[in-house]
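Heads up: the structure comes next, in structure tokens.
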Amino acid sequence: MKKKMLALLLAVSMVMALSACGSGGDEAKETQKKETQKETEAAPAETKAEGTQAATEGGEASSMDELIAAAQEEGELVVYGSCEDAYISAACQAFEAKYGIKTSWQRLTGGEVQAKLEEENGNPSADVWFGGTSDPQSVCASEGLLMAYDAQNKSHLISADCSDPDGYWYGIYRGILGIFYNKEELDRLEIEYPTDWDDLLDPKYEGLIWFSNPNTASTAKLAINTFVQQRGHDGAMDYFVALDKNVAQYTKSGGGPSKSVGSGECVIGIGFLHDAVYQITQGYDNIGMCIPASGTTCETGATSIFAGCKHPNAAKLWIEFCLTPECVELADDTGSFQFLVLDNAEQPAVLADFDLDPNNTLEYDFADAKENTQKYVEDLFEALGSAADSRFKTE
């Protein structure tokens, strides 16, 4: 009898234990699941897009994934590019292939984009600006035509001056403003090669110099700002009035002079030295160039978002993409040999063959450029007066 009672008690105990394991175990699993979920949400995550930390102070770990999803839901992006066509095209194709977002583009000079934005006044026909100097982008920011964005990948920029302090534009490359020339033509004319800005004022260079049109080319805007910062406002205006006597043509695009210097159509050009490097790699070993002895500045080629754009999430994702090696290293592949401004990007190998150092340039006053570029351009044309003639190309 005692044995039967003991067996019965043992059976009851086992049933109760199994019951406890069934309910209490499920509760424990649910509790563990919630704790794990909390830990996952709190922990920083690597983004699917760039492999960088998605979590930022005060942000969510899934923010990049959410941005990608929102951008893909919009499904489209329209780009205005102000650098070279091949680079714009390659960047747009890579973005579309990576995210499945239909991406179209149009090449316009920096001045053309600025004029278009001002005309559209908050209802832009495109979403983002890619390339060209930051000067017209800064002007548009001051006019309320750009949208500020706090990019996650800005952490890879090499210095604070590679982006607008309020997040209106982000740098993707740097280029040195300088002088390049056709050595064969100058040798034939028995004229010395120029080595500094003031050399270009010598009457012996009359009709030999090409520059770009400040109304259309962001390169010319940077040059004007550079001289104002070097010589003061009046000194800069005096310089360009004197230079004008030797200028044969003001091209629509900042890259115009470099594209004609190898053939000798342009004998001396003012522009970015990486453009001359590209021409040299194309077989024009008759091109010489110099960083002006009295000093020069660097452009910061930038990308930004248009205020009121139709695809804001795709535009933000574009900014993140532009701040990755995957995007900026396409420049080297397409013959754009600028210095890259991301600490995790590889510089174009060809630059090692040339004595160029973007860090050995004058400090550029971005704040002054943002506030006064448009005024300086207007002042220059006023100073030139009737000399602002058909040499200033717009096509």
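Of the whole protein surface, R231 contributes about 80 Å² of accessible area at a 1.4 Å probe radius. Among K252, K375, K393, the order of accessible area from largest down is K375, K393, K252, computed with a 1.4 Å probe on protein heavy atoms.
Close amide H partners of L189, meaning residues 5 or more places away or on another chain with modelled amide H under 5 Å apart, do not exist here.
In terms of distances greater than 23 angstrom between alpha carbons, the cross-link table entries K98/K310; K310/K393; K204/K252; K102/K310; K259/K316 yield K310/K393; K204/K252; K259/K316.
Once the Cβ-Cβ distance between A349 and Q282 is put in as r, and R0 is 22 Å, what FRET efficiency do you end up with, to the nearest 0.05? Once rounded, the FRET efficiency stands at 0.85. Label-to-label distance for K375 and I191 is 3.6 nm, based on points extended 7 Å past Cα in the beta-carbon direction.
Taken as Cα centroids, the stretch 312-388 and the stretch 147-172 sit 13 Å apart, rounded to the nearest whole angstrom. With bins 5 Å wide starting at 0, give me the P(r) of the stretch 226-342 over every alpha carbon pair, in whole percents. Here the calculated profile for the stretch 226-342 is 2, 9, 14, 16, 17, 14, 12, 9, 5, 1.
Rounded to the nearest 0.05, what FRET efficiency do K183 and D85 give with R0 = 22 Å and r taken as the Cβ-Cβ distance? Could you check? Intermediate results must be reported in sequence, preceding the final value.
Numbers: r = 28 Å, r/R0 = 1.26.
Working from the Cβ atoms, E equals 0.20.
Taking 8 Å as the Cα distance limit and 6 or more residues as the minimum spacing, I'd like the relative contact order of the stretch 87-219 as a percentage.
Normalised by residue count, the contact order of the stretch 87-219 is 26 percent.
When nucleic acids and ligands are ignored and a 1.4 Å probe is applied, M64 ends up with an accessible area of around 0 Å². For the stretch 290-395, a crude dipole built from +1 on the beta carbon of Lys and Arg and -1 on the beta carbon of Asp and Glu, taken about the Cα centre, is about 520 debye to the nearest 20. Note on the stretch 282-336: Cα-Cα pairs beyond 14 Å make up 73% of the total pair count.
Decide, for the stretch 181-225, between rounded, prolate and oblate: order the square roots of the alpha carbon gyration tensor eigenvalues as a ≥ b ≥ c, take rounded if a/c falls under 1.5, and otherwise choose prolate if a/b is larger than b/c, else oblate. Prolate shape, in that a/c is at least 1.5 and a/b is the bigger ratio.
Counting heavy atoms of the protein chains alone, L342 has an accessible area of about 10 Å² for a 1.4 Å probe.
Note on the stretch 107-255: semi-axes of the ellipsoid equivalent to its C-alpha gyration tensor, largest first and rounded to whole Å, are 34, 17, 15. The charge dipole of the stretch 228-290, taken about its Cα centre with unit charges on the Cβ atoms of Lys, Arg (+1), Asp and Glu (-1) only, comes to about 80 debye.
The values are calculated or read from the model by the stated rules, or taken from the named source; none is laboratory data. This structure is a prediction, so every number in the text was calculated from the model and none was measured. Cβ sites come from the backbone with ideal geometry, for glycine too, and all protein chains shown count toward neighbours. Just the protein is used for accessible areas: all its heavy atoms, side chains included, with ligands, DNA and RNA removed. Shrake-Rupley method; radii C 1.70, N 1.55, O 1.52, S 1.80 Å.
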